[in-house]
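Derivation of every value follows stated rules applied to the coordinates shown; laboratory data play no part. Just so it is clear, the model here is predicted, and its values are computed rather than measured. In this analysis, Cβ positions are derived from the backbone assuming ideal geometry, glycine residues included, and neighbour counts consider all displayed protein chains.
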Amino acid sequence: MISLLLLKIPNIYEIVQNNLNMLDTLIPKKPKTLAQIQSKSQEIGFTMPSDELTGALLRTLVASKLNANILELGTGVGLSLSWIVDGLGQHSKVTSIDNDPSLVTLVQDFFKEDARVKIICDDGGQWIRNYSGTKFDLIFADAWPGKYSELEEILDLIVPGGFYLIDDMVRQPNWPDGHDKIANQLISKLETRDDFLMTKMNWSTGIIMMTKKVDP
Ligand SMILES: C[S@@+](CC[C@H](N)C(=O)[O-])C[C@H]1O[C@@H](n2cnc3c(N)ncnc32)[C@H](O)[C@@H]1O
């Protein structure tokens, strides 16, 4: 039965037969904090955790920047944040925003020893509109603001050469009716940006990764 299924998906068949090391779910050196955060996430019944593959990609991108300034919108239980922190250099920093005070308190506790991590309880939209500080090398927008609202504002906060990353762009089981249309509208809007280059990945939960051109 399993081999029949695998035969229908040639890529997976190839990988399993010939190159097990290429399985994308085999991720080496996961963040030290991850297991603890995952178990807390299960304990509190958090329903929106970020995917490990997304986390691994974030960590890889974050590690490319010297003295990086990273922004995450939607701290949640801190799963994606644990990957971001794992990729952070010594002199880099990350700011993460969530409007749920109980989640913010919980995640602040996980990262309290790390001065590079700042977790803020605020409405993401309000925070974006009020922000006038240094621009960011990478923004992971994992909440409504900075993705489905305040889009122009958030893209303006990225430095040339910086990344904008969003996940959950392929239909998810928790999507309400009509969300497909909203997601497609967002993709169309992003595609009109001449100052960014985009890669759509039908991988993980559906990733869109954009780089702001250094020479637009
Ligand atoms: C998809 S979850 C984020 C998951 C998180 N990245 C993780 O790995 O655990 C979205 C988060 O956005 C937060 N959120 C929803 N609306 C928000 C808003 N207007 N401003 C800030 N955060 C918001 C929710 O509380 C939730 O924790």
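What to note about this one:
- MRE, 222 nm, helices only [DSSP H, n ≥ 4, -39500 (n - 2.57), over the chain, to nearest 500]: -11000 deg cm²/dmol
- With 0.36 nm allotted per residue and the present C-alpha distance subtracted, the residue 91-residue 172 stretch has 25.5 nm of extension available.
- Exposure proxy ranking for 213, 65, based on other Cβ atoms within 10 angstrom of each Cβ and starting from the fewest, stands as 213, 65.
- Per-residue Cβ neighbour counts within 10 Å put 122, 194 in the sequence 194, 122, beginning with the fewest.
- Among 160, 31, 101: highest mean-square fluctuation, GNM of the chain, C-alpha pairs under 10 Å: 101
- Taking a point 7 Å out from the Cα of residue 134 in the direction of its Cβ, the residues of the range 61-83 whose backbone N falls within less than 11 Å of it are 66-70.
- Under 21 Å from the Cα of residue 135 - lysines, other chains or at least 8 residues apart: 65, 93, 118, 147, 212, 213
- Among 198, 169, 48, residue whose mean-square fluctuation peaks in a GNM of the chain (springs only between Cα atoms under 10 Å): 48
- Placing pseudo-labels 7 Å out from each Cα toward the beta carbon at residue 213 and residue 181 gives an inter-label distance of 3.3 nm.
- Residue order, fewest to most surrounding Cβ atoms within 10 angstrom, among 98, 177: 177, 98
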